[in-house]
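Each remark here refers to the structure printed beneath this line.
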Amino acid sequence: MRNTDDGLDTQSSLRRSNLRRALQLVFRESGSQTRAGIARATGLTAATASSLVAELLDERLIVEGEQAASTGGKRATTLTVDGRHHQIVVLVLHPTSARIALMALDGAEVESRTLEYTVDERDRALDDALAMVADAGGDRLLAAGVQIPGTTDGRSVLESVQLGWHGVALADRFERMLRVPVLLVNDVDAEAVAEAGMDEAPSGYRLFLHIGGGIGAAVTLDGELAPGPRHRAGEIGHVQVVFGDTARPCRCGQRGCLESAAALGAMLGDDFSDALDEDQLRDLVARADPRDLHEGARALARAIKLLSALLDPTEVVIGGPATVLGDRFLALVRAEADYPARGTAHVPVRYADTRVPVGAGAAQAALTATLGVRWSPQQLLPHPSS
(Lines give C-alpha, C1' and ligand atoms only; values in the text may rest on other atoms or scores of the structure.)
Protein backbone atom coordinates (compact mmCIF):
# COMPACT_ATOMS: atom_id res chain seq x y z
CA MET A 1 0.00 0.00 0.00
CA ARG A 2 2.99 2.31 -0.32
CA ASN A 3 2.31 5.64 -1.99
CA THR A 4 2.69 5.17 -5.74
CA ASP A 5 1.36 6.77 -8.88
CA ASP A 6 -1.57 4.68 -10.15
CA GLY A 7 -2.14 6.95 -13.11
CA LEU A 8 -5.64 6.33 -14.45
CA ASP A 9 -6.18 3.15 -12.40
CA THR A 10 -9.05 4.48 -10.30
CA GLN A 11 -9.70 1.12 -8.67
CA SER A 12 -6.13 0.81 -7.38
CA SER A 13 -6.13 4.41 -6.21
CA LEU A 14 -9.38 3.91 -4.28
CA ARG A 15 -8.09 0.70 -2.72
CA ARG A 16 -4.88 2.38 -1.59
CA SER A 17 -6.82 5.31 -0.17
CA ASN A 18 -9.00 2.97 1.85
CA LEU A 19 -5.94 1.08 3.08
CA ARG A 20 -4.45 4.37 4.33
CA ARG A 21 -7.69 5.25 6.09
CA ALA A 22 -7.83 1.86 7.78
CA LEU A 23 -4.17 1.98 8.77
CA GLN A 24 -4.51 5.50 10.19
CA LEU A 25 -7.41 4.33 12.34
CA VAL A 26 -5.21 1.59 13.78
CA PHE A 27 -2.38 4.10 14.36
CA ARG A 28 -4.81 6.41 16.16
CA GLU A 29 -6.20 3.67 18.41
CA SER A 30 -3.53 1.01 18.38
CA GLY A 31 -4.49 -1.83 20.68
CA SER A 32 -8.19 -1.00 20.78
CA GLN A 33 -9.23 -0.60 17.14
CA THR A 34 -11.20 -3.46 15.52
CA ARG A 35 -12.45 -4.48 12.09
CA ALA A 36 -15.95 -3.39 13.07
CA GLY A 37 -14.60 -0.03 14.26
CA ILE A 38 -12.89 0.51 10.90
CA ALA A 39 -16.12 -0.31 9.06
CA ARG A 40 -18.09 2.16 11.19
CA ALA A 41 -15.52 4.96 10.89
CA THR A 42 -15.10 4.63 7.12
CA GLY A 43 -18.64 3.69 6.12
CA LEU A 44 -17.32 0.62 4.30
CA THR A 45 -18.96 -2.78 4.49
CA ALA A 46 -17.75 -5.30 7.05
CA ALA A 47 -16.44 -7.48 4.23
CA THR A 48 -14.43 -4.63 2.70
CA ALA A 49 -13.02 -3.63 6.09
CA SER A 50 -11.98 -7.23 6.75
CA SER A 51 -10.32 -7.37 3.32
CA LEU A 52 -8.34 -4.21 4.08
CA VAL A 53 -7.25 -5.56 7.46
CA ALA A 54 -6.15 -8.83 5.85
CA GLU A 55 -3.90 -6.94 3.44
CA LEU A 56 -2.42 -4.82 6.22
CA LEU A 57 -1.74 -8.00 8.20
CA ASP A 58 -0.07 -9.62 5.16
CA GLU A 59 2.18 -6.59 4.72
CA ARG A 60 3.14 -6.80 8.40
CA LEU A 61 1.93 -3.28 9.10
CA ILE A 62 -0.49 -4.37 11.83
CA VAL A 63 -0.99 -7.41 14.04
CA GLU A 64 -3.94 -8.89 15.85
CA GLY A 65 -4.03 -8.38 19.60
CA GLU A 66 -6.30 -9.33 22.44
CA GLN A 67 -10.04 -9.60 22.24
CA ALA A 68 -11.99 -6.41 22.81
CA ALA A 69 -14.52 -6.03 25.62
CA SER A 70 -17.82 -7.75 24.91
CA THR A 71 -20.71 -5.61 23.68
CA GLY A 72 -23.21 -8.43 23.93
CA GLY A 73 -22.13 -10.63 21.04
CA LYS A 74 -18.93 -12.32 19.93
CA ARG A 75 -15.91 -10.40 21.17
CA ALA A 76 -13.93 -8.67 18.41
CA THR A 77 -10.18 -9.01 17.99
CA THR A 78 -8.21 -5.80 18.50
CA LEU A 79 -5.65 -4.50 16.01
CA THR A 80 -2.24 -3.06 16.84
CA VAL A 81 0.54 -1.38 14.83
CA ASP A 82 3.22 -4.00 14.16
CA GLY A 83 6.38 -2.69 15.81
CA ARG A 84 8.37 -5.88 15.24
CA HIS A 85 9.11 -5.80 11.52
CA HIS A 86 9.32 -2.57 9.50
CA GLN A 87 11.82 0.11 10.51
CA ILE A 88 12.45 3.70 9.46
CA VAL A 89 16.00 5.00 9.18
CA VAL A 90 16.52 8.46 10.65
CA LEU A 91 19.64 10.44 9.83
CA VAL A 92 20.18 13.84 11.45
CA LEU A 93 23.09 15.55 9.71
CA HIS A 94 25.46 18.12 11.22
CA PRO A 95 28.72 19.48 9.75
CA THR A 96 31.01 17.10 11.72
CA SER A 97 28.62 14.53 13.15
CA ALA A 98 25.40 12.68 12.46
CA ARG A 99 22.86 10.84 14.53
CA ILE A 100 21.67 7.58 13.00
CA ALA A 101 18.62 5.88 14.46
CA LEU A 102 16.16 3.14 13.62
CA MET A 103 12.51 3.66 14.56
CA ALA A 104 9.95 0.87 14.62
CA LEU A 105 6.61 1.32 12.93
CA ASP A 106 4.95 1.93 16.30
CA GLY A 107 7.25 4.92 16.96
CA ALA A 108 9.68 3.20 19.33
CA GLU A 109 13.36 3.93 18.82
CA VAL A 110 15.08 0.60 18.25
CA GLU A 111 18.66 1.83 18.35
CA SER A 112 20.72 4.95 17.76
CA ARG A 113 24.33 6.06 17.57
CA THR A 114 26.37 9.16 16.86
CA LEU A 115 28.80 9.16 13.97
CA GLU A 116 31.74 11.56 14.18
CA TYR A 117 33.75 12.67 11.13
CA THR A 118 35.75 15.51 9.62
CA VAL A 119 34.43 17.48 6.67
CA ASP A 120 36.80 15.61 4.36
CA GLU A 121 35.72 12.22 5.74
CA ARG A 122 31.99 12.96 5.80
CA ASP A 123 30.86 11.44 2.50
CA ARG A 124 32.72 8.18 2.97
CA ALA A 125 31.74 7.88 6.64
CA LEU A 126 28.04 8.37 5.83
CA ASP A 127 28.11 5.92 2.92
CA ASP A 128 29.87 3.27 5.00
CA ALA A 129 27.46 3.72 7.92
CA LEU A 130 24.36 3.50 5.72
CA ALA A 131 25.74 0.44 3.93
CA MET A 132 25.97 -1.26 7.32
CA VAL A 133 22.40 -0.21 8.15
CA ALA A 134 21.19 -1.62 4.82
CA ASP A 135 23.00 -4.93 5.33
CA ALA A 136 21.62 -5.33 8.85
CA GLY A 137 18.09 -4.16 8.06
CA GLY A 138 17.48 -5.90 4.76
CA ASP A 139 13.81 -5.99 3.73
CA ARG A 140 12.75 -4.70 7.16
CA LEU A 141 13.71 -1.15 6.15
CA LEU A 142 10.67 0.82 5.01
CA ALA A 143 11.96 4.34 4.32
CA ALA A 144 14.48 6.90 5.48
CA GLY A 145 14.12 10.47 6.69
CA VAL A 146 17.22 12.67 6.47
CA GLN A 147 17.22 15.91 8.45
CA ILE A 148 19.57 18.60 7.11
CA PRO A 149 20.48 22.19 7.96
CA GLY A 150 19.62 23.91 4.69
CA THR A 151 17.05 24.19 1.94
CA THR A 152 15.77 21.11 0.14
CA ASP A 153 13.04 20.03 -2.25
CA GLY A 154 12.93 16.62 -0.60
CA ARG A 155 15.31 15.09 -3.12
CA SER A 156 18.33 17.38 -3.32
CA VAL A 157 20.15 19.69 -0.94
CA LEU A 158 19.53 22.98 -2.71
CA GLU A 159 21.82 24.94 -0.40
CA SER A 160 23.41 24.24 2.96
CA VAL A 161 25.98 26.73 4.18
CA GLN A 162 26.67 24.61 7.25
CA LEU A 163 27.38 21.45 5.24
CA GLY A 164 29.02 23.25 2.33
CA TRP A 165 26.64 21.59 -0.15
CA HIS A 166 24.88 23.16 -3.13
CA GLY A 167 22.71 21.19 -5.53
CA VAL A 168 23.62 17.78 -4.06
CA ALA A 169 21.32 14.90 -5.13
CA LEU A 170 21.53 13.33 -1.69
CA ALA A 171 18.28 11.31 -1.76
CA ASP A 172 19.33 9.47 -4.92
CA ARG A 173 22.71 8.66 -3.40
CA PHE A 174 21.28 7.37 -0.13
CA GLU A 175 18.57 5.38 -1.92
CA ARG A 176 21.28 3.46 -3.75
CA MET A 177 22.79 2.59 -0.37
CA LEU A 178 19.60 1.77 1.56
CA ARG A 179 17.38 0.49 -1.28
CA VAL A 180 14.31 2.26 0.20
CA PRO A 181 12.68 5.65 -0.46
CA VAL A 182 14.61 8.56 1.09
CA LEU A 183 13.10 11.93 1.97
CA LEU A 184 15.20 14.99 2.81
CA VAL A 185 13.73 17.40 5.37
CA ASN A 186 14.98 20.80 6.48
CA ASP A 187 15.82 20.71 10.19
CA VAL A 188 13.41 23.47 11.18
CA ASP A 189 10.64 21.91 9.08
CA ALA A 190 11.29 18.60 10.84
CA GLU A 191 10.93 20.25 14.25
CA ALA A 192 7.69 21.88 13.13
CA VAL A 193 6.32 18.53 11.91
CA ALA A 194 7.16 16.89 15.23
CA GLU A 195 5.55 19.73 17.18
CA ALA A 196 2.39 19.49 15.08
CA GLY A 197 2.35 15.75 15.75
CA MET A 198 1.96 16.43 19.47
CA ASP A 199 -1.48 17.92 18.77
CA GLU A 200 -4.30 15.36 18.52
CA ALA A 201 -6.19 17.49 15.98
CA PRO A 202 -4.03 20.36 14.68
CA SER A 203 -5.96 23.08 12.87
CA GLY A 204 -5.13 26.40 11.30
CA TYR A 205 -1.69 27.92 10.84
CA ARG A 206 1.06 27.38 13.40
CA LEU A 207 4.27 29.43 13.21
CA PHE A 208 7.34 27.55 14.44
CA LEU A 209 10.59 29.42 15.17
CA HIS A 210 13.88 27.61 15.70
CA ILE A 211 16.42 29.66 17.63
CA GLY A 212 19.96 28.39 18.03
CA GLY A 213 23.16 29.43 16.31
CA GLY A 214 20.83 30.68 13.58
CA ILE A 215 17.14 31.43 13.28
CA GLY A 216 14.69 29.74 10.96
CA ALA A 217 10.93 29.41 10.72
CA ALA A 218 8.39 26.94 9.42
CA VAL A 219 4.63 27.11 8.98
CA THR A 220 2.24 24.21 9.31
CA LEU A 221 -1.39 24.24 8.20
CA ASP A 222 -3.66 21.69 9.87
CA GLY A 223 -0.54 19.81 10.93
CA GLU A 224 1.06 19.66 7.46
CA LEU A 225 3.99 21.75 6.25
CA ALA A 226 3.08 24.77 4.13
CA PRO A 227 6.24 25.24 2.02
CA GLY A 228 6.81 27.91 -0.60
CA PRO A 229 7.18 27.20 -4.34
CA ARG A 230 10.95 27.80 -4.18
CA HIS A 231 11.49 25.85 -0.94
CA ARG A 232 12.69 29.02 0.82
CA ALA A 233 9.84 29.52 3.28
CA GLY A 234 11.10 30.31 6.77
CA GLU A 235 14.48 31.79 5.82
CA ILE A 236 13.98 34.78 8.12
CA GLY A 237 17.33 34.94 9.93
CA HIS A 238 18.80 37.64 7.71
CA VAL A 239 15.77 39.89 7.43
CA GLN A 240 16.54 43.29 8.98
CA VAL A 241 14.47 44.10 12.06
CA VAL A 242 16.84 46.47 13.92
CA PHE A 243 17.80 49.85 12.47
CA GLY A 244 19.89 52.85 13.43
CA ASP A 245 22.74 52.93 15.94
CA THR A 246 21.59 49.77 17.75
CA ALA A 247 21.82 47.59 14.62
CA ARG A 248 24.66 45.10 15.09
CA PRO A 249 26.85 43.71 12.31
CA CYS A 250 25.71 40.27 11.15
CA ARG A 251 27.86 37.40 9.90
CA CYS A 252 26.13 37.76 6.50
CA GLY A 253 27.71 41.21 6.05
CA GLN A 254 24.56 43.24 6.71
CA ARG A 255 23.51 45.03 9.88
CA GLY A 256 20.41 44.64 12.02
CA CYS A 257 19.45 41.13 10.88
CA LEU A 258 17.21 39.11 13.18
CA GLU A 259 20.08 36.69 13.86
CA SER A 260 22.42 39.53 14.83
CA ALA A 261 20.17 40.28 17.82
CA ALA A 262 18.15 37.15 18.63
CA ALA A 263 20.34 34.14 17.72
CA LEU A 264 21.76 32.50 20.84
CA GLY A 265 25.31 33.60 20.04
CA ALA A 266 24.15 37.22 20.07
CA MET A 267 22.30 36.81 23.37
CA LEU A 268 24.62 34.42 25.24
CA GLY A 269 28.03 35.44 23.93
CA ASP A 270 30.84 33.94 21.89
CA ASP A 271 31.01 30.81 24.07
CA PHE A 272 27.72 29.59 22.60
CA SER A 273 27.79 26.67 20.19
CA ASP A 274 25.02 24.42 18.87
CA ALA A 275 27.14 21.51 20.13
CA LEU A 276 26.73 22.50 23.82
CA ASP A 277 24.64 20.24 26.03
CA GLU A 278 21.72 21.45 28.13
CA ASP A 279 23.73 21.97 31.33
CA GLN A 280 26.33 24.04 29.49
CA LEU A 281 23.59 26.12 27.89
CA ARG A 282 21.93 26.76 31.24
CA ASP A 283 25.24 27.96 32.61
CA LEU A 284 25.55 30.45 29.74
CA VAL A 285 21.98 31.64 30.31
CA ALA A 286 22.73 32.25 34.00
CA ARG A 287 25.74 34.42 33.05
CA ALA A 288 24.09 36.24 30.13
CA ASP A 289 23.83 40.03 30.07
CA PRO A 290 20.15 40.92 30.66
CA ARG A 291 20.49 43.76 28.16
CA ASP A 292 21.42 41.31 25.39
CA LEU A 293 18.47 39.08 26.28
CA HIS A 294 16.12 42.04 26.25
CA GLU A 295 17.45 43.27 22.91
CA GLY A 296 17.04 39.78 21.44
CA ALA A 297 13.50 39.47 22.79
CA ARG A 298 12.58 42.84 21.30
CA ALA A 299 13.93 41.91 17.85
CA LEU A 300 12.22 38.52 17.97
CA ALA A 301 8.93 40.09 19.02
CA ARG A 302 9.04 42.44 16.02
CA ALA A 303 9.37 39.47 13.68
CA ILE A 304 6.63 37.55 15.51
CA LYS A 305 4.24 40.51 15.41
CA LEU A 306 4.66 41.02 11.68
CA LEU A 307 4.46 37.32 10.77
CA SER A 308 1.43 36.86 13.01
CA ALA A 309 -0.36 39.76 11.37
CA LEU A 310 0.29 38.13 7.99
CA LEU A 311 -0.59 34.52 8.84
CA ASP A 312 -3.10 34.82 11.68
CA PRO A 313 -1.66 31.66 13.29
CA THR A 314 -3.32 29.85 16.17
CA GLU A 315 -0.03 30.11 18.06
CA VAL A 316 3.70 30.78 17.78
CA VAL A 317 6.06 28.07 19.03
CA ILE A 318 9.73 28.70 19.87
CA GLY A 319 11.94 25.62 19.57
CA GLY A 320 15.56 24.59 19.33
CA PRO A 321 18.16 25.24 22.05
CA ALA A 322 16.34 28.49 22.93
CA THR A 323 13.91 26.56 25.14
CA VAL A 324 16.57 26.69 27.88
CA LEU A 325 16.19 30.48 28.05
CA GLY A 326 13.27 29.82 30.35
CA ASP A 327 10.26 31.76 31.53
CA ARG A 328 12.09 35.07 31.91
CA PHE A 329 12.95 35.31 28.21
CA LEU A 330 9.54 34.07 27.11
CA ALA A 331 7.89 36.74 29.27
CA LEU A 332 10.07 39.39 27.61
CA VAL A 333 9.06 38.24 24.13
CA ARG A 334 5.37 38.19 25.07
CA ALA A 335 5.57 41.65 26.63
CA GLU A 336 7.36 43.16 23.59
CA ALA A 337 4.79 41.65 21.21
CA ASP A 338 1.79 42.54 23.35
CA TYR A 339 0.94 45.95 21.97
CA PRO A 340 -2.25 46.91 20.12
CA ALA A 341 -1.97 46.79 16.34
CA ARG A 342 -5.28 47.70 14.73
CA GLY A 343 -6.95 44.80 12.95
CA THR A 344 -4.73 42.08 14.45
CA ALA A 345 -5.54 39.45 17.07
CA HIS A 346 -3.55 38.38 20.10
CA VAL A 347 -1.46 35.29 19.28
CA PRO A 348 -0.12 33.12 22.12
CA VAL A 349 3.61 32.40 22.20
CA ARG A 350 5.06 29.31 23.90
CA TYR A 351 8.06 26.99 23.88
CA ALA A 352 8.11 23.71 21.96
CA ASP A 353 7.48 20.40 23.71
CA THR A 354 10.97 19.28 24.73
CA ARG A 355 9.92 15.67 25.21
CA VAL A 356 9.88 14.99 21.47
CA PRO A 357 12.99 13.00 20.44
CA VAL A 358 15.55 14.40 18.00
CA GLY A 359 14.73 13.13 14.51
CA ALA A 360 11.06 12.40 15.24
CA GLY A 361 9.94 14.97 12.67
CA ALA A 362 12.11 13.51 9.91
CA ALA A 363 10.81 10.04 10.76
CA GLN A 364 7.21 11.29 10.72
CA ALA A 365 7.72 12.97 7.36
CA ALA A 366 9.18 9.76 5.89
CA LEU A 367 6.33 7.67 7.32
CA THR A 368 3.71 10.00 5.86
CA ALA A 369 5.42 10.14 2.47
CA THR A 370 5.62 6.35 2.30
CA LEU A 371 2.40 5.11 3.91
CA GLY A 372 0.28 8.25 4.16
CA VAL A 373 -0.27 7.97 7.93
CA ARG A 374 0.81 9.84 11.07
CA TRP A 375 1.81 8.74 14.54
CA SER A 376 -0.31 9.74 17.50
CA PRO A 377 1.24 12.04 20.15
CA GLN A 378 1.74 9.01 22.42
CA GLN A 379 3.63 7.17 19.70
CA LEU A 380 5.90 10.16 19.02
CA LEU A 381 7.02 10.37 22.66
CA PRO A 382 9.86 8.15 23.90
CA HIS A 383 8.58 4.69 24.77
CA PRO A 384 9.29 3.32 28.26
CA SER A 385 11.59 0.67 26.82
CA SER A 386 13.58 3.13 24.69
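The values are calculated or read from the model by the stated rules, or taken from the named source; none is laboratory data. It should be emphasised that the depicted structure is a prediction, and the values quoted were computed from it without experimental measurement. Note that we place each Cβ from the backbone using ideal geometry, even for glycine, and neighbour counts take in every protein chain shown. Surface accessibility is based on the protein's heavy atoms, side chains included, excluding ligands, DNA and RNA. Shrake-Rupley method; radii C 1.70, N 1.55, O 1.52, S 1.80 Å.
What dipole magnitude, in Debye to the nearest 20, does the chain give about its Cα centre under +1 on Lys/Arg Cβ and -1 on Asp/Glu Cβ?
1040
Only one of the values (i) 22.3; (ii) 25.1; (iii) 17.9 was calculated from this structure for mean projected area of the Cα convex hull in nm²; name its label.
Computing mean projected area of the Cα convex hull in nm² and matching it to (i) 22.3; (ii) 25.1; (iii) 17.9 gives (i).
Quick check: pseudo-label points 7 Å beyond the Cα along Cα→Cβ at T246 and R75, how many nm apart are they?
With each label placed 7 Å out from Cα toward Cβ, I get 6.8 nm.
Rank these residues by their accessible area, most exposed first, probe 1.4 Å: Y117, Y351, Y205, Y339.
Y339, Y205, Y351, Y117
Using a Förster radius of 56 Å, what is the FRET efficiency between R342 and R282 based on their Cβ-Cβ separation? Nearest 0.05, please.
0.90
Give me the one-decimal nm value for the distance between modelled label points at Q254 and M132, 7 Å along each residue's Cα-to-Cβ direction.
4.3
When the Debye formula is applied to the Cα atoms of the stretch 168-253, each taken as the same point scatterer, what base-10 log of I(q)/I(0) results at q = 0.12, 0.13, 0.16, 0.19 Å⁻¹?
Evaluating at q = 0.12, 0.13, 0.16, 0.19 Å⁻¹ gives log10 I(q)/I(0) of -0.52, -0.59, -0.80, -0.96.
Measuring with a 1.4 Å probe in the full set of protein chains, what accessible area per residue, in whole Å², belongs to the chain?
Ligands and nucleic acids excluded, the result is 49 Å² per residue.
Note down the relative contact order for the chain as a percent, whole number, built from C-alpha pairs under 8 angstrom at least six residues apart. Each step should come with its number before you reach the end.
Numbers: 733 pairs, mean separation 60.5, N = 386.
Here the relative contact order equals 16 percent.
Roughly to the nearest percent, how much of the accessible area of the stretch 220-375 is carbon and sulfur, given a 1.4 Å probe?
It is 51 percent, rounded to a whole number.
Whole number please: convex hull volume per residue of the Cα set in the stretch 106-238, in Å³? All intermediate terms of the calculation are to be shown ahead of the outcome.
Working: hull volume 17.6 nm³, N = 133.
Spread over its residues, the Cα hull of the stretch 106-238 gives 133 Å³ apiece.
Scan the stretch 294-386 for trypsin sites (Lys or Arg not before Pro) in coil per DSSP, keeping those whose Cβ has at most 10 other Cβ atoms within 10 Å, and list them by number.
R342
Report the extension gain between E111 and A46 in nm, rounded to one decimal, defined as 0.36 nm multiplied by the number of residues separating them, less their alpha carbon distance.
Length gained, E111 through A46: 19.5 nm.
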